[in-house]
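**Q** Sharing a structure here in structure tokens format.
Derivation of every value follows stated rules applied to the coordinates shown; laboratory data play no part. What you are looking at is a predicted structure, and each value in this text was computed from that prediction instead of being measured. Glycine gets a Cβ as well: all are built from the backbone with ideal geometry, and neighbour counts include every protein chain shown.
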Amino acid sequence: MIELRNVTKKFGSFVAVDNISLKIEKGQFFGFLGPNGAGKTTTIKMMTGLYEPSGGQCLIDGHNIHSNSLPAKRSFGYVPDQPFLYEKLTGREFLYFVGGLFQLPPETIAQRTEEVMGRFELGGFIDKRAEEYSQGMRQRIVLSAALLHDPKVLIIDEPIVGLDPRSARLVKDTLKQKTREGLTVFMSTHLLEIVEELCDRIAIIKSGRIIHEEAQNEAKQFNGHLEEMFLELTK
Amino acid sequence: MRELLLVLNLKSASFLKGLLRLDARSLFKTLTSLLIFGGFAVGMFLLSRGVTTYLLDTAHIGSFLFHRFLSMLLYVFFVTVNVGNIIVCYATLYRSQEVDFLMSLPISHAKIFLIKFVDNFFYSSSTLALIGLAVLLGYGSYFNLPWYFYFFSVFFIFMPFMLIAGVVAVLTLMLLIKIATRVGVRLLLAVMVTVYVSVIYVYFRTTNPVQLVGEVMKHYPDVNAYFGYLDPPLVRYLPNHWVTEFLYWSVNGNVERAIPYFLLLMLSTVGLIVLAGLLARKYYYKTWLAASDAQAMKGMKRSSFRLRFLEFGSRPGVFHSFFLRSPQAEALFKRDFWMFFRDPSQWLHLLLMVVIILIFLSSIASFELHVGQPLMRTVSFLVVFLFNGFLIASVALRFVFPAVSLESDCFWCVRTAPVDLKKLYFHKLRYAFVLTLIVTEVLVVGSATFVGDDAFLLWVAGLCGACMAFTLTSMHLGAGSYFALYKEKNPIRVASSHGASLTFLGSMVYLGAITMILVVPLHQYFESRMFTAVGGTVWLYLPVVVIAVLSLLIACASTGVGLKSIRGDFK
């Protein structure tokens with residue numbers, strides 16, 4: 001469902017992502033770990049079409065995000081690390097706007113807005129302008145927008161940062177449920193307990209290179225203690 | 001003082017670092033900037049020297065009258081610097097995240113005020129300073145003035161003059177915010193705009209250049225007879241008058257009479273800076289808090305302005321079937337519409353632009369420009385046409401240039417959605433062009449009608465205006481995409497950024513080129529019209545075609561640059 005083939009990103013002489021390859025199957029929950037500045041966000045930005053790779057290819061649902069971007073973009077939803085919204089639009093307007101960009105009929109947008117309102121408890125603020133929102137509210141609106149068009153793939157950069165425990169629970173439950181329904185999730189995070197709770201497979205990136213890949217064993221656990229392994233590999 | 005120098009040092013170091021970056025793109029930007037700024041400065045220098053030479057050697061208006069004209073120009077300059085500073089300083093002194101950060105540090109409020117004032121002054125006045133300096137050099141070169149005159153005039157006359165305009169701007173804004181906390185923003189804005197427009201009107205009413213020439217010429221050749229009652233008392237208290245008095249007495253070799261004006265300028269500058277420091281110590285923090293409160297409460301007040309058919313989720317109607325045929329076009333249009341009309345800095349500026357255009361048209365109506373020799377008619381047609389171009393370029397700079405930057409940090413949601421960026425770009429270009437074209441045609445046709453041009457000239461002006469609107473829109477959108485500032489939330493700051501200044505200068509060069517293309521054929525046309533009632537139209541066919549081709553080439557190049565830039569990495 002997601003495939004990275006020898007992807008490289010250079011900024012001048014600096015190599016931010018160095019020849020990485022990954023393949024993530026349908027319905028898999030993939031955790032992308034790494035220390036600050038390792039190249040996680042750069043990789044995600046290439047996967048979502050925000051950066052053009054200096055080399056290699058990113059395929060989403062079989063479509064190259066750069067040479068055949070529109071079908072690729074129809075198949076995924078994206079939650080960035082910073083949930084920027086249009087300050088002068090309300091949450092509901094933002095959802096209608098995103099729905100329009102994905103060319104959903106107004107009735108579908110209205111119905112799905114009602115759904116996400118219930119799921120993420122947006123009712124109290126969805127008709128206020130984003131300039132009034134807290135970080136957690138923004139995060140929930142952005143996640144709702146990413147799920148609005150019922151994507152096959154969800155690409156999330158740091159989904160839990162800024163959320164209160166209740167909202168974090170809501171997000172985790174939704175992601176679990178959606179993965180069971182066949183959604184493929186690519187998640188970058190620093191929070192190892194989230195990875196242990198949610199992910200089927202992980203990769204650790206350091207200085208732009210993938211230094212470790214691992215899948216859960218039959219007991220639905222990672223081998224060894226994830227925190228110790230992470231610290232050892234990234235030191 | 002140490003922390004003040006530290007912050008200012010850091011800012012200048014970061015500015016220089018940005019300027020002296022050695023990668024290809026930055027070098028290209030720096031070189032292009034140097035070329036355009038340098039070219040523009042040289043152009044202004046030559047224009048200033050040419051006009052001075054013409055007025056003093058050909059038209060023989062005399063040194064005194066020449067300096068009165070200069071005083072009026074300096075007044076316009078003063079108002080421009082002043083308004084520029086007022087517009088930008090709310091964003092710089094009250095809404096910048098840097099101020100939030102500095103307020104959390106153990107630095108006095110007066111020092112933060114000073115740091116941000118310097119920031120604001122350089123940000124909003126550097127292009128104007130360049131124009132002023134080039135004009136001063138051109139003026140000085142006519143009189144063969146020595147090098148130390150330029151040095152003295154730049155640092156002790158011109159800079160204090162600009163500083164007075166800048167300090168008055170921030171003082172005005174600080175006091176306005178203070179008053180707004182008591183009387184409310186809307187009432188205050190209404191009073192302020194009325195007062196400002198009245199002051200400018202009164203100034204030009206009392207120092208009307210046409211009236212001035214008429215009065216002086218009544219006493220010609222004994223112009224000195226007019227000296228006694230020429231200056232209205234109010235004018236003598238204005239800094240532009242002090243600058244021209246200093247220049248007048250200096251070029252006439254009477255240093256003793258020039259010195260008091262220098263002292264007046266210096267003392268006023270120092271006095272105003274001290275006053276600003278004292279007021280900042282007392283009011284800056286309070287007004288900053290008031291502005292922050294107002295900002296926080298702004299979202300809580302629901303706007304009563306509603307247009308049901310443009311609301312998100314509204315049922316498709318006639319408007320949709322004509323203009324918003326695809327869901328993407330509808331979503332983008334509605335977003336842009338509501339973002340514009342919910343941001344007071346956008347619609348207030350639009351309103352201000354409309355007022356300026358109306359003032360311009362009513363001024364044109366009061367001049368008798370449709371009579372005279374072919375040369376005078378050519379000059380008056382081109383001056384009006386150029387001024388139209390200048391206004392359209394200003395509209396494009398303020399509203400079209402920031403269009404791509406206004407995608408802001410939130411551009412991620414458009415870039416990751418299945419939106420063809422080419423379509424997005426042309427969506428912006430289409431709406432910007434239609435709106436600019438309407439403004440252009442109102443201006444061009446309105447002014448041509450008031451001036452009394454014939455039907456053929458109306459067509460020529462209309463066609464050239466359409467070319468101008470298309471090119472200026474494409475140029476500003478393309479450059480706005482190339483110099484996009486996605487992190488900058490304030491469109492006013494985007495429109496006064498380095499890239500915006502460069503684009504504006506570029507558009508001035510384009511307007512200059514159009515004028516050059518038109519000048520000879522227009523003169524021929526007016527000459528033919530003098531001798532034959534209907535002849536002469538043939539002179540203008542070719543220039544219109546040349547202007548159309550030139551405009552198309554510039555528009556295509558700008559669109560190419562804009563499209564390439566909008567597809568680039570979104571950082």
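**Q** Taking every DSSP beta bridge that has both residues in segment A:2-234, what percent is antiparallel when rounded to the nearest 5?
**A** Roughly 55 percent of the beta bridges in segment A:2-234 run antiparallel, per DSSP.
**Q** Can you give the log10 of the normalised intensity I(q)/I(0) at q = 0.11, 0.12, 0.15 Å⁻¹, computed with Debye over equal Cα scatterers of chain A?
**A** Calculated log10 I(q)/I(0) at the listed q: -0.56, -0.67, -1.04.
**Q** Using label points projected 7 Å from each Cα along Cα→Cβ, tell me how many nm separate residue B:189 and residue A:11, to one decimal.
**A** 3.9
**Q** Something else now. Residues of A:126-133, mean number of Cβ from any other protein chain within 10 Å of their own Cβ, rounded to a whole number?
**A** Counting other chains' Cβ atoms within 10 Å and averaging over A:126-133 gives 3.
**Q** Give me the distance in nm between label points sitting 7 Å out from Cα along the Cα-to-Cβ direction at residue A:225 and residue B:306, one decimal.
**A** Rounded to a tenth, the inter-label distance reads 6.0 nm.
**Q** Next question, about the same structure. Shielding of A:89-98 by partners, i.e. mean partner chain Cβ atoms within 10 Å per residue?
**A** Across the residues of A:89-98, the mean count of other-chain Cβ atoms within 10 Å is 5.
**Q** How high is the FRET efficiency between residue B:423 and residue B:24 when r is their beta carbon distance and R₀ equals 30 Å, given to the nearest 0.05?
**A** So, using R0 = 30 Å, E works out to roughly 0.50.
**Q** What ³J(HN,Hα) values, in whole Hz, does the Karplus curve 6.51 cos²θ - 1.76 cosθ + 1.60 give for segment B:139-148 when θ = phi - 60°, with x put for Gly and Pro?
**A** 4, x, 5, 5, 8, 6, 7, x, 4, 5
**Q** Counting only DSSP beta bridges with both residues in the protein assembly as shown, tell me the antiparallel percent, nearest 5.
**A** 55
**Q** So, one more: Using 7 Å Cα-to-Cβ label points, what is the residue B:387/residue B:150 separation (nm, one decimal)?
**A** 3.2
**Q** If packing is taken as the average count of other Cβ atoms within 10 Å, what order do B:334-347, B:461-474 fall into, highest mean first?
**A** Highest to lowest by the protection proxy: B:461-474, B:334-347.
**Q** With r defined as the distance between the Cβ atoms of residue B:259 and residue B:571 and R0 fixed at 60 Å, what FRET efficiency is calculated, to the nearest 0.05?
**A** Using R0 = 60 Å, I get an efficiency of 0.65.
**Q** Let me have the relative contact order for chain B, percent, based on Cα pairs under 8 Å that are six or more residues apart.
**A** Relative contact order for chain B comes out at 15 percent.
**Q** If you plug each phi of segment B:542-555 into the Karplus form 6.51 cos²θ - 1.76 cosθ + 1.60 with θ = phi - 60°, what whole-Hz ³J(HN,Hα) values come out, in order, with x for Gly and Pro?
**A** Listing the rounded values in order: 4, x, 5, 5, 4, 4, 4, 5, 4, 4, 5, 4, 5, 5 Hz.
**Q** What FRET efficiency would be calculated for the residue pair residue B:337, residue B:441, taking the C-beta separation as r and a Förster radius of 25 Å, to the nearest 0.05?
**A** Here the calculated transfer efficiency is 0.65.
**Q** Would you kindly derive the ³J(HN,Hα) couplings of segment B:451-463 from the backbone phi angles with the Karplus curve 6.51 cos²θ - 1.76 cosθ + 1.60 (θ = phi - 60°), listing them in order in whole Hz, with x for Gly and Pro?
**A** So the Karplus estimates, Gly and Pro as x, are 5, x, 5, 6, 4, 5, 5, 4, 5, 4, 4, x, 5 Hz.
**Q** I would also like to ask the following. Using modelled backbone amide H atoms (1.01 Å from N, in-plane), which distant-in-sequence or interchain residues come within less than 5 Å of residue A:77's amide H?
**A** Under 5 Å from the amide H of residue A:77 lie the amide H atoms of A:153, A:154, A:155, each far enough along the sequence or on another chain.
**Q** Among A:57, A:82, A:177, which one shows the biggest mean-square fluctuation in a GNM of chain A, springs joining Cα atoms closer than 10 Å?
**A** A:177
**Q** Further, regarding this structure: Quick one: which residues, 5 or more positions from residue A:212 or on another chain, have an amide H under 5 Å from its amide H? H modelled 1.01 Å from N in the peptide plane, none for Pro or chain starts.
**A** Distant-sequence amide H within range of residue A:212: A:204.
**Q** Next question, about the same structure. Would you grab the residues whose amide H sits under 5 Å from the one on residue A:29? Only those 5+ places off in sequence or on another chain, please, with H modelled 1.01 Å from N.
**A** Counting only residues 5 or more places away or on other chains, the set is A:185, A:200, A:201.
**Q** Same structure again: So between residue B:143 and residue B:274, what do we pick up on full extension, going 0.36 nm a residue minus the alpha carbon distance?
**A** 43.6 nm
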